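Down below is the structure, laid out as structure tokens.
The values are calculated or read from the model by the stated rules, or taken from the named source; none is laboratory data. Source: prediction; values computed, not measured. All Cβ positions, even for glycine, are placed from backbone atoms using ideal geometry, and neighbour counts span all protein chains on display. Remember, those area values only see protein heavy atoms, side chains included, never the ligands or the DNA or RNA. Shrake-Rupley method; radii C 1.70, N 1.55, O 1.52, S 1.80 Å.
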Amino acid sequence: MVGTDRSSSLFQPKLGIRTFVFILVILSFLTLFSEDLTSLKLDDVFAKNDTAAKSPLHRKYQSNTTQRSRYGYHHPQPPYPPIQHISHTCLINRNTSSEQVIHLPTAVPHLILIGAQKSATSEFQVLADKYTNVITPLSMRGGFEPHFLEWHVEGSLMKMIRANETAEFDNAVCRFRQKYTEFFNMSQVNNNTMSVVMEKTPSYMLHHNLPLIIDVLCPWEPKILVILRDPVDRAWSQYRMIYSRTSSNQQFATIVKNEIDNFIANGLLDNATTPLDDFEAALANNSDAPSSPFVFPKNMSLEKYAQLVQLYRGNKKKEYLIRGLYAPLLLPWVKRFAADDRLMVMKFNEVFNASIVDEVLRFAGVEDTSVDEHYDDFIRNKRPTNKGAEMPLDPTIRLYLKFLYQPFNRLFLQLLGEEWDGW
């Protein structure tokens, strides 16, 4: 059945973009009360009013559970909301002499793995690729990441939204839907009605506009998967990866010091925080159990931390510590996708549990979980591959970072409705 092209436009002809934005601002005002709306950009309004910004074809899935976090998350349980194996048609230059019809026999992807970096996302994709009906991007080779939504789509569409370029916005959305298919073997997809198409780009998690972009671009409602690792281990693994790929001799301790300074400058930490060198000295001179060297700003909510992370002045993609602030980074994703059970968060160690991987792929829409003959060998023989993989992390730095992440890890209780033991 060919999908209706009502979804090809975020802004319908009878509802102009200025009216649309005005409604969003009013709704946001009712929600935020005392916030200064004159300081909000359009993407901030979208982020703060999830209901009004939903895709026109968005349909509510009635979950089988009411035990949810305050932000709507509950680890999805079967029966899962079905994926939509549909075709899709949209128009370029609508209602003009140069009108062009774009028809996608199968709308893809069905599953997007958004992060976190160094949390076995590549291993998960390799495992998924060994399932008969899972289709991953072309030229994957163990870890191909399209970066399509962040490198090509997000900046372009958000610029058009801010500039009120309604007609070109519709055209761009249609072209991007067609472009997305170029990352996959579409003849294979179209010939297998049971196929589930996935992609993974771990840096998507860093982009707070992407939940909106995905809803607008993909009205067939793909599932969203997140894999999280102990943030200290994740940061150290990232350092080992960079160490193995470059000639840089910058010490991890120096990186930690610099990025803690960035956290202070961006309001994530108070300037009364104890520097790493002072913490090491105090630890060496005192046998008692150490107290936290970090001073956090008072009266901080998860929403406020999320806002500071969004506005972070630094390079989130190249820095090591900011990627481990999982709760603030995931808040926009949870608010948009959790209530419909389209979001699943799994743990790093679960990637190598075959039964859990089976269940995650059933969540993604895979009905036949049969695998090829190399699956068990991969599970058994997976070993660290970075040049610095066996480098141990200095225990003092590990303790220092444990203190840093403790308050953010506790925010999981609010965000996901569960505590993650051991972090």
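Per-structure values
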{"item": "Filter on LYS130/LYS335; LYS317/LYS402; LYS298/LYS402; LYS257/LYS335 - keep pairs with C-alpha separation over 26 Å", "result": "LYS130/LYS335; LYS257/LYS335"}
{"item": "Whole-number accessible area per residue in Å² for region 131-181, which is evaluated in the context of all protein chains at 1.4 Å", "result": "43 Å²"}
{"item": "Descending semi-axes in Å of region 105-244, equivalent ellipsoid built from Cα gyration tensor", "result": "26, 21, 11"}
{"item": "Phi to ³J(HN,Hα) by Karplus 6.51 cos²θ - 1.76 cosθ + 1.60 over region 159-164, Hz, x for Gly, Pro", "result": "4, 5, 4, 5, 8, 6"}
{"item": "Sequence ranges 314-326, 175-187, ranked by mean other-Cβ count within 10 angstrom, highest first", "result": "314-326, 175-187"}
{"item": "Centroid-to-centroid separation of region 99-116 and region 197-274 [C-alpha atoms, Å]", "result": "25 Å"}
{"item": "Where TRP333, TRP423, TRP151, TRP236 fall by accessible area, highest first, once all protein chains stay in place (1.4 Å)", "result": "TRP151, TRP423, TRP236, TRP333"}
{"item": "Accessible area of region 294-333 belonging to carbon and sulfur atoms, whole % at 1.4 Å probe", "result": "51 percent"}
{"item": "Packing-based ranking, highest mean first, of 94-103, 113-122 given that Cβ atoms within 10 Å are counted", "result": "113-122, 94-103"}
{"item": "Packing-based ranking, highest mean first, of 271-280, 358-367 given that Cβ atoms within 10 Å are counted", "result": "358-367, 271-280"}
{"item": "Region 210-324 - accessible surface per residue (Å², probe 1.4 Å)", "result": "43 Å²"}
{"item": "Of LYS118/LYS318; LYS200/LYS223; LYS179/LYS347; LYS223/LYS316, those spanning more than 20 Å from alpha-carbon to alpha-carbon", "result": "LYS179/LYS347; LYS223/LYS316"}
